[in-house]
1. Pairs B:LYS200/C:LYS11; A:LYS8/A:LYS42; C:LYS212/C:LYS238; B:LYS157/B:LYS194; C:LYS34/C:LYS101: which exceed 18 Å Cα-Cα?
2. Given contacts defined as C-alpha pairs under 8 Å and at least six residues apart, what's the relative contact order of chain A, whole-number percent?
3. Over the whole of C:113-125, what's the average partner chain Cβ count within 10 Å per residue? Rounded to a whole number, please.
4. So who's got an amide H within less than 5 Å of the one on C:ILE128, skipping anything under 5 residues away but keeping other chains? H placed 1.01 Å off N, in plane.
5. At most 12 other Cβ atoms within 10 Å and a DSSP loop assignment: could you name the trypsin sites (Lys or Arg not before Pro) in region C:236-335 that fit?
6. Order of C:472-478, C:437-443, C:153-159 by packing, highest average Cβ count within 10 Å first?
7. Would you please name the trypsin sites (Lys or Arg not before Pro) within region C:18-121 that are DSSP coil residues with at most 15 other C-beta atoms within 10 Å of their C-beta?
8. Taking the Cα centre as origin and putting +1 on Lys and Arg beta-carbons and -1 on Asp and Glu beta-carbons, what dipole magnitude results for chain C, to the nearest 20 debye?
Amino acid sequence: MAEEAEFKCLRCGHEFIAPYDKENPQEHTCPKCRSNSVRRIKT
Amino acid sequence: MLYRPLGKEVIGLPEGERIGVFVCECGLNIAGSVDCEAVRDYAERLPGVALAVRNRYTCSDPGQEEIKKAIVEHHLNRVVVASCTPRLHEPTFRKCIYDVGLNPYLLEMANIREQCSWVHLHDREAATAKAKDIVKIAVARARLLEPQVEMEVPVTKAALVIGGGVAGIQAALDLADAGHQVYLVEKEPSIGGKMAQLNKTFPTMDCSI
Amino acid sequence: MMDVGRHPRIKLLAYSEVEEVSGYVGNFRVKVRKKARYVDEEECTACGDCVDVCPVIMPDEYQMGLSSRRAIYIPFPQAVPSSYTINIEECLGVQPIACGKCAEKCDKGCIDFDMKDEIVELEVGTIIVAVGMEVYDPTLLDEYGYTRFENVITTLEFERLVDSGGPLGGRFARPTDGRVPKRIGFIQCVGSRTERRGNSYCSNICCMNTVKDSLLLRDHYPEIDITVFYLDMRAFGKGFEDLYKRSKDAGVRYVRGLPGEVKEDPETRNLLVTVENTTAGRLEEHELDMLVLSVGLEPREDSKTVQQLLSLSRTSDGFFLESHPKLKPVDTPTRGVFLAGCAEGPKDIKESVTQASAAAARAQIILNQDKIPIEAITPMIDLDLCNFCGRCARVCPYGAIVDVDPKRKVSPRVIEAACAGCGTCSAECPVGAITQRHFGDEQFFAQLEAMLGEGPEEKIVVFACHWCSYPGGDMAGVSRLQYPPSARVIRTMCSGRTGERLILRAFALGAPMVLVSGCHFADCHYINANRWTQRRVERLWDRLERAGIRPERLQLEWISAAEGQKFARVMGELEEMRKKVTPEEIEYTKQVLAEKA
């Protein structure tokens, strides 16, 4: 089961939740501005 | 595995950089939005540059001849071609400089067409300034280029064709008729693909199978 | 077709799928799964005795489901190889044998229920991708009533109905009552040239296919009244216009306008078509006995699998991307792999054959050589600097770095023939002991220094990979998309080469914004090297933030070779971000990074 994590877009600032798998990295895309500069917010 | 020395090493290296810069107008493709003479003039004064030339079409025979002649006459040991994307003509110019004895890895391309003149069509000043910068960056890299030796690998004399439709069948037959071993892989129980389902085919109206 | 089966140099692996491809140009290793047919391909004479006793009845795919076949079947009489196959999903069972009637009936004993899938390993120098296409399924286009009204059929179903080897033995008739229709209509561009449902591109073949169908009907059933509803008739090929003219001269009616709606008369099962005739400028009603939907072509559903197996790219419409649309139309970004037929885009038989011959000729350029040169972009390891940590070997997608052992302090060794030159090892080496030939740190530093020597605050440093993002930038140019002139592109072979040292040097030299760009994950030309790019950028975001530098100034983007629009859009967005970077920020960054260096 893929876990979920919180992400922040470093282009438009949008914050969102998306699937996250540390072992199997995926391409991330901001749902708002389509940027790939998406950073996982570590809690 | 073999190593093949590429340069005929006619020209001694490096004895200080002697870079030739060839600025291509590409008809109006570049010259339409970039002042190529200004770029050439700028390039001529960059460190390490021995010669800067403007061509109408650098990739044409006269353009390539000019590069070859300049390499010999001006003892150039690096070449920068400011024209289109390296994905188009890097092999062309690598071969060109190799023909007169320069190692092909001593070529650098400055992309002032796809990534400059064509994307700044309406701002000649900005496009010219950017083209100068792109040439300057290419010259800086060219100064540190070194001759390289290419490795050669053997070729397995067989081909794989994936898909047994009309295209796969034709490709397999051509390769096999030319004397090569071919493996044709088809997902379905029979080859023929979509074509085999057609009754007649245009424009000749004959049978598909 | 038959020639393939007989050719001494063609080994046909039918009912088989490519599962794994490794290696590189001249030296590909391929694993093919040859699915169990449960019938001995060599021995089967296709006598068909087995079919009569098989109790399982299934729709016949070759006849577009217009007739039935058994679980043991041959797709069509002229099939190559000429052998029956048991579809094991449909068979009542072989383990244990539930029925077994076919095996009892087969005199030659060709049927073997113990047959297993076989893995065939091949070594080849080149690969030609000719995986073809799918035909558009118009079920979704509800307004044409396909599947709701039985007398609405697709062009491929029409092909089977008129064929002498078809379900009706060549006696053309409409599905509901088995009578020859009096009035037949064709609707063009079904699933093509639409932004709504279906595909935006022209499928290339449908116009001429309909012209051909109309002439076939004219020859055999001159009494049928034929109407074609079209948007534009595209008869662009050699001999096409003649055929189109012949069709018109033969009395086929061409009505410019696509029907908005199709209704069925429940009693006669005739179809009522409403269409705006845009030539005449009036709304027309047509009553037809039968309607044929001229369906377009689509990429195959399994294209993604093939794409990943061979590290190919696809255009936004889903077909495979060629190296260059004009000058390298059958090459792919992966050296030694070529495209033929509809895998590259919709095309007719002549074009498919032409392209296949072109691909075969391109492949022979490689096959006719004994040895081919590999670009000199492999890594050199400075053993004096190496600390034997083994990171290079871990990040290499090809396993081309071997021997290194941190415990026993054994240094790494590069297997150059296996190396593809992504440069990730060089970027990830923590002590800078690895130099990629032709793409060394010093050369990149020189580019950055030249670029940022004057007015750095006005420039955006863009690292772009050779296979996707850089050609994506070229595509923006080819499409004449305009974007701000602040971007300065540095080409790396792979985004995996864009190491921390390069990115931090750019910031230290005063760059306001840095973009790292590479192929989409599925397109990475170095298997998965760009995963390391992402991890590295994520790491750097943290580091920059800890150092008091806004992580937003380092941007990441995956741009394919086809995404010129994305490239231009990103350049515009980065320019807006650049304008917000203050001189104080840049100065602070320079100081912080200078202290660390």
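The values are calculated or read from the model by the stated rules, or taken from the named source; none is laboratory data. No experiment lies behind these values; they were computed from the predicted model shown. Cβ atoms come from the backbone with ideal geometry, glycine included; neighbour counts cover every protein chain shown. Surface accessibility is based on the protein's heavy atoms, side chains included, excluding ligands, DNA and RNA. Shrake-Rupley method; radii C 1.70, N 1.55, O 1.52, S 1.80 Å.
1. Values: B:LYS200/C:LYS11 28 Å; A:LYS8/A:LYS42 10 Å; C:LYS212/C:LYS238 14 Å; B:LYS157/B:LYS194 30 Å; C:LYS34/C:LYS101 25 Å.
Going by Cα-Cα distance, B:LYS200/C:LYS11; B:LYS157/B:LYS194; C:LYS34/C:LYS101 fall outside the 18 Å limit.
2. Numbers: 69 pairs, mean separation 18.6, N = 43.
Relative contact order for chain A comes out at 43 percent.
3. Numbers: counts 0, 0, 0, 0, 0, 0, 0, 2, 0, 7, 5, 11, 10.
That works out to 3 on average.
4. Correct list: B:LEU160, B:VAL161, B:ILE162, C:PHE338.
5. Details: sites: C:LYS238, C:LYS245, C:ARG246, C:LYS248, C:ARG253, C:ARG256, C:LYS263, C:ARG269, C:ARG282, C:ARG300, C:LYS304, C:ARG314, C:LYS326, C:ARG335; in loops: C:LYS238, C:ARG269, C:ARG300, C:LYS326, C:ARG335.
Those that pass, being in a loop and sparsely packed, are C:LYS238, C:LYS326.
6. Values: C:472-478: 25.3, C:437-443: 18.3, C:153-159: 22.4.
With the highest mean Cβ count within 10 Å placed first, the list reads C:472-478, C:153-159, C:437-443.
7. Numbers: sites: C:ARG29, C:LYS31, C:ARG33, C:LYS34, C:LYS35, C:ARG37, C:ARG69, C:ARG70, C:LYS101, C:LYS105, C:LYS108, C:LYS116; in loops: C:LYS35, C:ARG37, C:LYS108, C:LYS116.
Qualifying residues, ordered by number: C:LYS108, C:LYS116.
8. Details: 76 positive and 88 negative charges, 313 e Å.
Using Cβ point charges on Lys, Arg, Asp and Glu, chain C gives about 1500 debye.
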